[in-house]
Amino acid sequence: MKFKFIFILFSATLLLFIAVLVLLPPIIFGPSFSGMFWKINWPFVVVLVLLLIVFSTFYFINRQLFLLLEKEDWPALVRYLEDRVIQKGNYSPRLVRLLANSYLVLSDSAAVMSLENKTAIAKPSLVDANVLVFGAARLLGNDISGAIRFFAVRRDIKKPGLRDWVRWYHGLALLLDHRFEEASDEFSLLAKMHYPDEYTH
């Protein structure tokens, strides 16, 4: 589904809702009820108007980004994101994640790791937030030992769901490096954490 269509549909729905709230009460119930209605519901109408303004502003600021995503023009998207993230220093979580994934689509593992290094300097917390993407780039680039080290130092990452995936990828990297006993220990630990009853009998 196209972003432009979603924007038009959402905006039209909000405008219609606002119009109904503003115009319908005085037409149907008369001025007296309309005054009472506004005293009670004016904050809700203001919130809807602000939501429409924020949504419209967000769309128009990112219109070029949405257009490139629709076209799936990955090289052009990478150039656009590199300008916003690297050249202009806008290391936002959304843009960094999108740029890293765009590099992966183009199978450019070296660019992902270069982005990781720049992100680690500009906003270190985003490296852990995108640990799976940055780690996967090492695996795809056949830097198995680098992937092992990368995932090993992040095995105890705070976010529980992410921590499990980091340990799974760490086990995979060990397996690809033919360190079978260590990989088995990692996968066994994950299994015990998620299926403890199976290991108590």
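Entry note, the chain: the mean residue ellipticity at 222 nm calculated from DSSP H runs of n ≥ 4, each adding -39500 (n - 2.57), is -25500 deg cm²/dmol after division by the residues and rounding to the nearest 500. Length gained on full extension, Ile8 to Ser56: 16.3 nm, using 0.36 nm per residue less the C-alpha separation.
Among the trypsin sites (Lys or Arg not before Pro) found in the range 57-145, those both in a DSSP coil and sparsely packed, with 10 or fewer other Cβ atoms within 10 Å of their Cβ, are Lys88. Largest first, the three principal axis extents of the alpha carbons in the chain are 80, 51, 30 Å in whole numbers. Of all aspartates and glutamates in the structure, those lying under 13 Å Cα to Cα from Lys192, and not within fewer than 8 positions of it along the same chain, are Asp164.
Across the range 163-177, rounded Karplus estimates of 3J(HN,Hα) from the backbone phi angles (6.51 cos²θ - 1.76 cosθ + 1.60, θ = phi - 60°) give 4, 4, 5, 4, 5, 5, 5, 5, x, 5, 4, 4, 5, 5, 8 Hz, Gly and Pro being marked x. Taking a straight line from the alpha carbon of Lys2, these aspartates and glutamates sit under 16 Å away, with near neighbours fewer than eight places off in the same chain left out: Glu70, Glu72, Asp73.
Bear in mind that the values in this text are calculations on the coordinates, not laboratory data. The shown structure was predicted, so the numbers you read here are calculated from the model rather than taken from an experiment. Glycine also receives a Cβ, built like all others from the backbone with ideal geometry; neighbour counts cover every protein chain displayed.
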